[in-house]
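The values are calculated or read from the model by the stated rules, or taken from the named source; none is laboratory data. These figures come from a predicted structure and were not determined experimentally. Here Cβ is always computed from backbone atoms with ideal geometry, including for glycine, and neighbour counts include all displayed protein chains. Just so you know, the surface numbers come from the protein's heavy atoms only, side chains and all, with ligands and any DNA or RNA stripped out. Shrake-Rupley method; radii C 1.70, N 1.55, O 1.52, S 1.80 Å.
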Amino acid sequence: MVTIIDSIIKKIYKKIKSYDVIVLARHVGPDPDAITSQIALRDSIRKTFPNKKVYAVGKGVARFKKFGSLDKIPEDENVLLITLDVPNMSRIDGLENIKYKEIIKIDHHPKEDIPASIEWTDTSACSTCQMITELILKTKLVLDKDIASNLFLGIVSDSDRFLLYYTSAKTYSLVSKLIELTNLDFTPLYKNLYERPFNEIQFKAYITNNLKINENGLAYIILNPEIFKEYGVDSSTASNMINDFNYINEILVWTFISYDSMNDIYKVSIRSRGPIINTIAGNYNGGGHIYASGARIKNEEDIPKFLSELDAACIEYNKENIVEEE
Ligand code: AMP
């Protein structure tokens, strides 16, 4: 039986085949899934169609260099643009001066405003890399060990080691095929995601010791440049460790609010074990998944309002879900 996803995948493959120049772009401030999906698909298209020009654009992140290098913005015309791991135009990185003719969109966030001629949004997928794995396995796109390594890391990272709610039987089945088909020795790859300097562990201890937790299960911390300096970290370090605060009895929703002095803005990461948070993030220049979202708060005065919205969501959730003990 041909599913809707199968027919979208068929259309995507046909479209890729029909263009000579293809640019792959993803969201600003990339995480491992954004970068590895971009590099894996670029390398697979290049290896399948050696005569095509294929570019992966956007600002590089030193920490993610090991996943592969990015490309300069091409000057070509009639470009097919493939957007990955991003639902909104305003958050696509490196789009300036790209003369694209049409867009294919592949993403696992709730749909927003990208005007794609082929749209593949699958919020049930744990990661964009899961979707790229499916695309490659269901078409003639090449899969080799390097491509499989990147896809494996994107899936592991975005599902938080198969822990988050959108991990499914399909996730395990696709990962199993990646390992089997390429004879992937996957355990040595984990260091690419999890190896970190000791000062980051000390910074995590600082967060642990200073996190404020209220009686409704809301936990938060406001981090300023002095703290980042003291621990030798930056504002992205905090958001990279937010998943480590999952499954703590007293915490239902938790948020790290990091002041980015370069851009004079508060970068916010939010996670939840119940209340839906992406709608609240949406009120503060943000969005994301229902239980994993980000936002950008421009004025310090808006922080108390933001926290009280999260608190209200916790109260509401507790009312509906906590059964009083007799
Ligand atoms: P983070 O806390 O930065 O790991 O982000 C969690 C999720 O929210 C990811 O899927 C991000 O793509 C998304 N996200 C983060 N910041 C924003 C934002 N300002 N607008 C929309 N989505 C965001």
> For segment 273-295, how many residues are near the ligand (Cβ under 8 Å from one of its atoms), assigned to a loop (DSSP other than H, G, I, E, B) and among the small types (Gly, Ala, Ser)?
Replying inline: 1
> Which residue, of Val86, Val54, is in a loop (DSSP other than H, G, I, E, B), modelled with pLDDT of 95 or more and open to solvent by less than 10 Å² (accessible area, probe 1.4 Å)?
Replying inline: Val86
>> Among the residues in segment 200-214, are any over 22 Å from the mean Cα position of the chain (by Cα), in contact (Cβ under 8 Å) with a residue 12 or more places away in the chain and surrounded by 18 or more Cβ atoms within 10 Å (Cβ to Cβ)?
In response: yes
> When you go through Tyr172, Tyr247 one by one, which is the residue that is away from the ligand (no atom under 16 Å from the Cβ), within 22 Å of the chain's Cα centre (by Cα), without any contact (Cβ under 8 Å) to a residue 60 or more places away in the chain and outside the structural domain of Asp146 (by TED's automatic domain parsing)?
Replying inline: Tyr247
> Any idea which of Ile227, Ile270, Ile222, Ile257 is touching a residue at least 60 places away in the same chain (Cβ under 8 Å) and outside any loop (DSSP other than H, G, I, E, B)?
Replying inline: Ile222
> Take the residues of segment 96-118 that are crowded, with 17+ Cβ neighbours inside 10 Å and within 16 Å of the ligand (Cβ to nearest atom): which is farthest from Ile155 (Cα to Cα)?
Replying inline: Ile114
> Do you know which residues across segment 1-39 are within 16 Å of the ligand (Cβ to nearest atom), assigned to a strand (DSSP E or B) and open to solvent by 10 Å² or more (accessible area, probe 1.4 Å)?
Replying inline: His27
